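Written below as structure tokens is the structure these notes are about.
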């Protein structure tokens, strides 16, 4: 009888260990290749970002983003996520993860909170809204210090290749800010 209980206990412990270690984890790593910002009106919106290498194989984004416009329903944002297997400009194709054009206020309550702040919230002074956007959006220069992508809100499985995210912020009639980030994604083996 004692032997049966010991075997049962051992079996339960093995199952608990296996269950604990079989949760879904991100199977990819990223390396930033470039970050570029272009604006039609630097006195209204501008960015100065760079890639920073820290240690061996650790890369981050650092810099500033200047915002000097009133946030209302006329401010729009859209994002295109493209992928290329070779990195060649001609090979980039649109992925299904793109974000359709919407007002910036709609963006704040969804993708901003669930993706941008989830991944960059600990390295920036961008406003954080847990229970929804509360006006006004501050006119300020926001700082980014060694920001990296943790993968929160992103797919757990990605295909190797080059990914480009193009964010376009439009404040009618005169301001358009384009932000383009290119990264290389490789699979993690362990």
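The table that follows gives values for the structure above.
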{"read-out": "Condition met for residue 75 (more than 19 Å from the chain's Cα centre (by Cα) and either surrounded by 10 or more Cβ atoms within 10 Å (Cβ to Cβ) or at pLDDT 85 or above (or both))", "value": "yes"}
{"read-out": "Some residue of the stretch 149-161 being free of Cβ contacts under 8 Å to residues at least 12 places away in the same chain, on the phi < 0 side of the Ramachandran plot and surrounded by 14 or more Cβ atoms within 10 Å (Cβ to Cβ)", "value": "no"}
{"read-out": "So residue 65, is it assigned to a strand (DSSP E or B) and crowded, with 17+ Cβ neighbours inside 10 Å", "value": "yes"}
{"read-out": "Of all residues making up the stretch 68-85, the number that are part of a strand (DSSP E or B) and closer than 21 Å to residue 124 by Cα", "value": "2"}
{"read-out": "Test: residue in the stretch 130-145 that is in contact with a helix residue (DSSP H, G or I) (Cβ under 6 Å, 6 or more places away or on another chain) and closer than 22 Å to residue 38 by Cβ", "value": "no"}
{"read-out": "Filtered residue count, the stretch 48-62, keeping only those that are in a strand (DSSP E or B), farther than 19 Å from residue 185 by Cβ and free of Cβ contacts under 8 Å to residues at least 24 places away in the same chain", "value": "2"}
{"read-out": "Flag if residue 107 is surrounded by 14 or more Cβ atoms within 10 Å (Cβ to Cβ) and part of a loop (DSSP other than H, G, I, E, B)", "value": "no"}
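The values are calculated or read from the model by the stated rules, or taken from the named source; none is laboratory data. In this text, all values refer to a predicted model and were calculated from it rather than measured experimentally. Note that we place each Cβ from the backbone using ideal geometry, even for glycine, and neighbour counts take in every protein chain shown.
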